[in-house]
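Participant: Just dropping this structure here.
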Ligand SMILES: Nc1ncnc2c1ncn2[C@@H]1O[C@H](COP(=O)(O)OP(=O)(O)O)[C@@H](O)[C@H]1O
Ligand SMILES: [Mg+2]
(Lines give C-alpha, C1' and ligand atoms only; values in the text may rest on other atoms or scores of the structure.)
(Ligands and ions follow the chains in the order given, each with its own letter.)
Protein backbone atom coordinates (compact mmCIF):
# COMPACT_ATOMS: atom_id res chain seq x y z
CA UNK A 1 0.00 0.00 0.00
CA UNK A 2 2.83 2.36 0.95
CA UNK A 3 6.48 1.71 0.17
CA UNK A 4 9.44 3.92 0.91
CA UNK A 5 12.95 3.14 -0.11
CA UNK A 6 15.98 4.96 1.33
CA UNK A 7 14.24 8.32 1.74
CA UNK A 8 16.59 11.14 2.68
CA UNK A 9 15.58 14.69 3.37
CA UNK A 10 17.46 17.69 4.66
CA UNK A 11 16.42 21.24 5.42
CA UNK A 12 19.08 23.86 4.80
CA UNK A 13 21.88 21.30 5.03
CA UNK A 14 20.51 19.66 8.17
CA UNK A 15 19.70 15.99 7.62
CA UNK A 16 16.19 15.33 8.94
CA UNK A 17 15.48 11.89 7.46
CA UNK A 18 18.22 9.38 6.67
CA UNK A 19 17.51 6.28 4.62
CA UNK A 20 13.91 5.56 5.61
CA UNK A 21 12.49 2.25 4.36
CA UNK A 22 8.85 1.34 4.82
CA UNK A 23 6.55 -1.40 3.60
CA UNK A 24 3.01 -0.92 4.81
CA UNK A 25 0.59 -3.67 3.92
CA UNK A 26 -3.09 -3.07 3.15
CA UNK A 27 -5.43 -3.07 6.14
CA UNK A 28 -2.82 -2.57 8.83
CA UNK A 29 -2.47 0.13 11.43
CA UNK A 30 1.10 1.32 11.17
CA UNK A 31 2.54 3.55 13.86
CA UNK A 32 5.49 5.85 13.38
CA UNK A 33 6.83 6.54 16.84
CA UNK A 34 9.30 9.09 17.96
CA UNK A 35 9.91 12.16 20.09
CA UNK A 36 9.34 15.71 18.96
CA UNK A 37 11.62 16.63 16.09
CA UNK A 38 12.30 12.99 15.09
CA UNK A 39 10.95 13.64 11.58
CA UNK A 40 7.45 12.10 11.77
CA UNK A 41 5.53 14.98 10.21
CA UNK A 42 8.20 15.47 7.55
CA UNK A 43 7.85 11.81 6.54
CA UNK A 44 4.04 12.04 6.34
CA UNK A 45 4.35 15.16 4.20
CA UNK A 46 6.74 13.37 1.86
CA UNK A 47 4.58 10.26 1.53
CA UNK A 48 1.48 12.36 0.89
CA UNK A 49 3.23 14.42 -1.77
CA UNK A 50 3.18 17.69 0.18
CA UNK A 51 6.94 17.92 0.40
CA UNK A 52 9.81 17.00 -1.92
CA UNK A 53 12.77 14.90 -0.82
CA UNK A 54 16.42 14.60 -1.71
CA UNK A 55 16.82 10.93 -2.61
CA UNK A 56 15.07 7.57 -2.44
CA UNK A 57 11.58 6.75 -3.69
CA UNK A 58 8.06 6.48 -2.35
CA UNK A 59 5.13 4.66 -3.82
CA UNK A 60 1.51 4.74 -2.73
CA UNK A 61 -0.97 2.32 -4.35
CA UNK A 62 2.09 1.07 -6.27
CA UNK A 63 2.65 4.45 -7.99
CA UNK A 64 5.25 7.11 -7.47
CA UNK A 65 3.77 9.88 -5.36
CA UNK A 66 4.30 12.38 -8.18
CA UNK A 67 2.23 10.14 -10.50
CA UNK A 68 -0.85 9.91 -8.29
CA UNK A 69 -3.98 11.02 -10.11
CA UNK A 70 -6.76 13.15 -8.65
CA UNK A 71 -8.80 9.96 -8.17
CA UNK A 72 -5.92 8.32 -6.28
CA UNK A 73 -5.57 11.38 -4.05
CA UNK A 74 -9.26 11.26 -3.20
CA UNK A 75 -8.65 7.86 -1.63
CA UNK A 76 -6.17 9.32 0.81
CA UNK A 77 -7.34 11.04 3.99
CA UNK A 78 -4.91 13.28 5.86
CA UNK A 79 -5.36 14.68 9.36
CA UNK A 80 -2.55 16.89 10.55
CA UNK A 81 -2.31 19.84 12.92
CA UNK A 82 -5.35 22.01 13.07
CA UNK A 83 -5.58 22.83 9.42
CA UNK A 84 -8.84 22.80 7.57
CA UNK A 85 -10.99 23.85 10.52
CA UNK A 86 -12.66 27.24 10.15
CA UNK A 87 -13.44 28.65 13.58
CA UNK A 88 -16.44 30.76 12.66
CA UNK A 89 -18.21 28.04 10.72
CA UNK A 90 -20.41 25.37 12.25
CA UNK A 91 -19.37 21.71 12.11
CA UNK A 92 -21.79 21.13 9.25
CA UNK A 93 -20.54 24.16 7.28
CA UNK A 94 -16.92 23.12 7.82
CA UNK A 95 -17.75 19.76 6.30
CA UNK A 96 -19.76 21.37 3.47
CA UNK A 97 -16.72 23.32 2.32
CA UNK A 98 -14.63 20.19 2.33
CA UNK A 99 -17.36 18.14 0.61
CA UNK A 100 -17.56 20.73 -2.18
CA UNK A 101 -13.81 20.65 -2.74
CA UNK A 102 -13.80 16.87 -2.93
CA UNK A 103 -17.08 16.52 -4.82
CA UNK A 104 -18.67 14.58 -1.99
CA UNK A 105 -22.48 14.70 -1.74
CA UNK A 106 -23.75 16.74 1.23
CA UNK A 107 -25.80 13.71 2.29
CA UNK A 108 -22.55 12.24 3.67
CA UNK A 109 -22.12 15.06 6.16
CA UNK A 110 -24.68 13.85 8.69
CA UNK A 111 -23.38 10.30 8.66
CA UNK A 112 -19.82 11.56 9.11
CA UNK A 113 -20.86 13.68 12.10
CA UNK A 114 -22.78 10.73 13.47
CA UNK A 115 -19.80 8.44 13.10
CA UNK A 116 -17.65 10.69 15.29
CA UNK A 117 -20.42 11.48 17.78
CA UNK A 118 -20.85 15.13 16.81
CA UNK A 119 -24.41 15.05 15.47
CA UNK A 120 -25.71 17.09 18.39
CA UNK A 121 -22.99 19.68 17.85
CA UNK A 122 -23.65 19.98 14.11
CA UNK A 123 -24.65 23.65 14.37
CA UNK A 124 -21.95 24.69 16.83
CA UNK A 125 -19.23 26.97 15.51
CA UNK A 126 -15.86 25.23 15.51
CA UNK A 127 -14.43 27.84 17.91
CA UNK A 128 -16.85 26.61 20.60
CA UNK A 129 -15.72 22.99 20.35
CA UNK A 130 -13.54 21.37 22.99
CA UNK A 131 -10.14 20.08 21.88
CA UNK A 132 -11.49 16.54 21.68
CA UNK A 133 -14.55 17.59 19.66
CA UNK A 134 -12.30 19.50 17.31
CA UNK A 135 -10.19 16.41 16.76
CA UNK A 136 -13.40 14.47 16.05
CA UNK A 137 -14.49 17.12 13.53
CA UNK A 138 -11.18 16.70 11.75
CA UNK A 139 -11.73 12.96 11.71
CA UNK A 140 -15.25 13.43 10.31
CA UNK A 141 -13.67 15.45 7.52
CA UNK A 142 -11.23 12.71 6.56
CA UNK A 143 -13.73 9.89 7.05
CA UNK A 144 -16.11 11.58 4.62
CA UNK A 145 -13.85 10.81 1.69
CA UNK A 146 -14.08 7.08 2.57
CA UNK A 147 -10.31 6.85 2.24
CA UNK A 148 -8.40 3.68 1.49
CA UNK A 149 -5.42 5.14 3.33
CA UNK A 150 -5.65 7.40 6.33
CA UNK A 151 -2.71 9.46 7.58
CA UNK A 152 -3.21 10.66 11.13
CA UNK A 153 -0.45 12.87 12.51
CA UNK A 154 -0.69 12.65 16.30
CA UNK A 155 -4.46 12.27 16.32
CA UNK A 156 -4.72 12.08 20.10
CA UNK A 157 -1.97 14.45 21.19
CA UNK A 158 -3.03 16.43 24.23
CA UNK A 159 -6.43 14.75 24.57
CA UNK A 160 -7.90 13.34 27.80
CA UNK A 161 -7.92 9.55 28.23
CA UNK A 162 -11.67 9.18 27.53
CA UNK A 163 -11.50 11.10 24.26
CA UNK A 164 -8.35 9.22 23.37
CA UNK A 165 -10.15 5.89 23.83
CA UNK A 166 -13.06 7.14 21.76
CA UNK A 167 -10.73 8.10 18.93
CA UNK A 168 -8.97 4.74 19.16
CA UNK A 169 -12.35 3.08 18.65
CA UNK A 170 -13.02 5.24 15.59
CA UNK A 171 -9.63 4.31 14.15
CA UNK A 172 -10.27 0.62 14.81
CA UNK A 173 -13.68 0.88 13.12
CA UNK A 174 -11.96 2.28 10.04
CA UNK A 175 -9.49 -0.56 10.08
CA UNK A 176 -12.38 -3.03 10.32
CA UNK A 177 -13.85 -1.34 7.24
CA UNK A 178 -10.63 -2.17 5.36
CA UNK A 179 -8.77 1.13 5.61
CA UNK A 180 -4.97 1.19 5.92
CA UNK A 181 -3.89 3.57 8.66
CA UNK A 182 -0.60 5.39 9.10
CA UNK A 183 -0.43 7.22 12.38
CA UNK A 184 2.25 9.02 14.31
CA UNK A 185 2.41 9.21 18.05
CA UNK A 186 4.81 9.62 20.91
CA UNK A 187 2.43 7.69 23.14
CA UNK A 188 3.80 4.18 23.52
CA UNK A 189 0.70 2.80 25.20
CA UNK A 190 -1.38 4.02 22.32
CA UNK A 191 0.97 2.37 19.86
CA UNK A 192 1.00 -0.92 21.75
CA UNK A 193 -2.78 -0.99 21.87
CA UNK A 194 -3.55 0.11 18.33
CA UNK A 195 -0.75 -0.74 15.96
CA UNK A 196 -0.08 -3.95 14.09
CA UNK A 197 3.36 -2.68 13.31
CA UNK A 198 5.47 0.22 14.50
CA UNK A 199 8.72 1.85 13.47
CA UNK A 200 10.72 3.67 16.12
CA UNK A 201 12.11 6.89 14.66
CA UNK A 202 14.90 8.82 16.32
CA UNK A 203 16.81 11.70 14.77
CA UNK A 204 15.54 10.79 11.33
CA UNK A 205 16.51 7.13 11.47
CA UNK A 206 14.40 4.05 12.10
CA UNK A 207 16.09 2.35 15.04
CA UNK A 208 13.81 -0.69 15.14
CA UNK A 209 10.49 -1.92 13.83
CA UNK A 210 7.98 -4.72 14.16
CA UNK A 211 4.89 -5.74 16.05
CA UNK A 212 4.83 -3.87 19.40
CA UNK A 213 4.59 -7.00 21.59
CA UNK A 214 7.18 -8.78 19.49
CA UNK A 215 9.60 -5.84 19.92
CA UNK A 216 9.07 -5.89 23.69
CA UNK A 217 9.74 -9.63 23.81
CA UNK A 218 12.88 -9.19 21.74
CA UNK A 219 14.30 -6.73 24.29
CA UNK A 220 13.42 -8.88 27.25
CA UNK A 221 16.98 -9.29 28.49
CA UNK A 222 16.13 -9.69 32.14
CA UNK A 223 13.87 -12.73 31.77
CA UNK A 224 12.24 -12.50 35.15
CA UNK A 225 8.79 -13.11 36.59
CA UNK A 226 7.35 -10.51 38.93
CA UNK A 227 4.84 -11.63 41.51
CA UNK A 228 2.84 -9.35 43.75
CA UNK A 229 1.56 -11.18 46.80
CA UNK A 230 -1.69 -10.49 48.61
CA UNK A 231 0.41 -9.50 51.62
CA UNK A 232 1.75 -6.59 49.53
CA UNK A 233 5.19 -8.14 49.07
CA UNK A 234 6.86 -8.07 45.61
CA UNK A 235 8.97 -11.02 44.49
CA UNK A 236 11.12 -11.36 41.38
CA UNK A 237 12.12 -14.81 40.24
CA UNK A 238 14.22 -15.95 37.29
CA UNK A 239 12.04 -16.95 34.33
CA UNK A 240 13.14 -20.58 34.23
CA UNK A 241 12.43 -24.09 35.38
CA UNK A 242 14.17 -23.36 38.68
CA UNK A 243 11.27 -21.07 39.67
CA UNK A 244 8.47 -23.47 38.76
CA UNK A 245 8.09 -25.12 42.19
CA UNK A 246 8.14 -21.83 44.06
CA UNK A 247 5.54 -20.24 41.75
CA UNK A 248 3.36 -23.33 41.83
CA UNK A 249 3.47 -23.38 45.62
CA UNK A 250 2.54 -19.68 45.91
CA UNK A 251 -0.36 -20.18 43.51
CA UNK A 252 -1.61 -23.29 45.36
CA UNK A 253 -1.55 -21.39 48.64
CA UNK A 254 -3.67 -18.64 47.06
CA UNK A 255 -1.05 -16.03 47.92
CA UNK A 256 -0.68 -14.47 44.47
CA UNK A 257 -2.36 -11.16 43.68
CA UNK A 258 -0.69 -10.59 40.24
CA UNK A 259 1.95 -12.40 38.20
CA UNK A 260 3.75 -10.96 35.18
CA UNK A 261 6.56 -11.78 32.87
CA UNK A 262 8.95 -8.85 32.86
CA UNK A 263 9.28 -7.85 29.20
CA UNK A 264 9.97 -4.14 28.87
CA UNK A 265 7.40 -1.67 27.62
CA UNK A 266 7.88 -0.02 24.24
CA UNK A 267 8.89 3.12 26.13
CA UNK A 268 11.71 1.26 27.90
CA UNK A 269 12.87 -0.25 24.61
CA UNK A 270 12.96 3.20 23.06
CA UNK A 271 15.05 4.56 25.93
CA UNK A 272 17.40 1.60 25.62
CA UNK A 273 17.84 2.18 21.91
CA UNK A 274 18.18 5.93 21.93
CA UNK A 275 18.99 6.99 25.46
CA UNK A 276 16.09 9.42 25.33
CA UNK A 277 12.57 9.56 26.54
CA UNK A 278 9.55 10.12 24.36
CA UNK A 279 8.64 13.34 26.05
CA UNK A 280 5.28 14.93 25.52
CA UNK A 281 5.47 16.41 22.03
CA UNK A 282 2.83 19.00 22.62
CA UNK A 283 4.65 20.39 25.63
CA UNK A 284 7.96 20.36 23.80
CA UNK A 285 6.49 22.12 20.81
CA UNK A 286 4.82 24.93 22.70
CA UNK A 287 7.52 25.38 25.31
N1 LIG B 1 10.05 23.46 6.82
C2 LIG B 1 11.09 23.20 7.60
N3 LIG B 1 12.23 23.92 7.52
C4 LIG B 1 13.31 23.66 8.29
N5 LIG B 1 13.36 22.66 9.20
C6 LIG B 1 12.25 21.92 9.34
C7 LIG B 1 11.05 22.13 8.55
N8 LIG B 1 10.12 21.21 8.94
C9 LIG B 1 10.70 20.46 9.89
N10 LIG B 1 11.96 20.87 10.15
C11 LIG B 1 12.89 20.25 11.12
O12 LIG B 1 12.95 18.87 10.83
C13 LIG B 1 13.01 18.11 12.03
C14 LIG B 1 11.88 17.12 12.06
O15 LIG B 1 10.66 17.82 12.21
P16 LIG B 1 9.25 17.11 12.20
O17 LIG B 1 9.15 16.24 11.01
O18 LIG B 1 8.21 18.16 12.38
O19 LIG B 1 9.36 16.20 13.49
P20 LIG B 1 8.19 15.49 14.36
O21 LIG B 1 6.94 15.54 13.56
O22 LIG B 1 8.70 14.12 14.60
O23 LIG B 1 8.09 16.27 15.62
C24 LIG B 1 13.01 19.11 13.17
O25 LIG B 1 14.33 19.34 13.55
C26 LIG B 1 12.41 20.34 12.53
O27 LIG B 1 12.88 21.50 13.17
MG1 LIG C 1 5.10 16.28 14.05
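The values are calculated or read from the model by the stated rules, or taken from the named source; none is laboratory data. A quick note: this is a predicted structure, and the numbers were derived from the prediction, not measured. Note: ideal-geometry Cβ built from the backbone for every residue, glycine included; neighbour counts use all protein chains shown.
Participant: Taking residue 101 as the residue in question, decide whether it is within 27 Å of residue 27 (Cα to Cα) and free of Cβ contacts under 8 Å to residues at least 12 places away in the same chain.
Facilitator: Yes: the conditions hold for residue 101.
Participant: So how many residues does segment 1-49 have that are within 11 Å of ligand 1 (Cβ to nearest atom) and not in a helix (DSSP H, G or I)?
Facilitator: Result for segment 1-49: 17.
Residues checked against (1) touching a helix residue (DSSP H, G or I) at 6+ places or on another chain (Cβ under 9 Å); (2) surrounded by fewer than 17 Cβ atoms within 10 Å (Cβ to Cβ):
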residue: 2; (1), (2): yes, no
residue: 6; (1), (2): no, yes
residue: 14; (1), (2): no, yes
residue: 44; (1), (2): no, no
residue: 105; (1), (2): yes, yes
residue: 113; (1), (2): yes, no
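Participant: So, one more: Let me spell it out: the conditions are (1) within 23 Å of residue 274 (Cα to Cα); (2) surrounded by fewer than 20 Cβ atoms within 10 Å (Cβ to Cβ), and residue 93 meets all of them except one. Which number is the exception?
Facilitator: For residue 93, the exception is condition (1).
Participant: Check segment 90-110 and report whether any residue there is touching a strand residue (DSSP E or B) at 6+ places or on another chain (Cβ under 6 Å), modelled with pLDDT of 95 or more, more than 20 Å from residue 41 (Cα to Cα) and away from ligand 1 (no atom under 16 Å from the Cβ).
Facilitator: Yes, segment 90-110 has at least one match.
Participant: Moving on. Can you pull out every residue in segment 150-170 that is surrounded by fewer than 22 Cβ atoms within 10 Å (Cβ to Cβ) and either within 27 Å of residue 106 (Cα to Cα) or more than 16 Å from ligand 2 (Cβ to nearest atom) (or both)?
Facilitator: Hits for segment 150-170 are 153, 160, 161, 162, 163, 164, 165, 166, 167, 168, 169, 170.
Participant: Another question, then. Of all residues in segment 8-29 being within 16 Å of ligand 2 (Cβ to nearest atom) and in contact (Cβ under 8 Å) with a residue 40 or more places away in the chain, which is nearest to residue 181 (Cα to Cα)?
Facilitator: Selected residue: 20.
Participant: What's the number of the only condition in (1) part of a loop (DSSP other than H, G, I, E, B); (2) more than 16 Å from ligand 1 (Cβ to nearest atom); (3) touching a helix residue (DSSP H, G or I) at 6+ places or on another chain (Cβ under 7 Å); (4) modelled with pLDDT under 95 that residue 123 fails to meet?
Facilitator: Condition (4) is where residue 123 drops out.
Participant: Next question, about the same structure. Could we say that residue 233 is surrounded by fewer than 20 Cβ atoms within 10 Å (Cβ to Cβ) and under 16 Å from the mean Cα position of the chain (by Cα) here?
Facilitator: The answer is no for residue 233.
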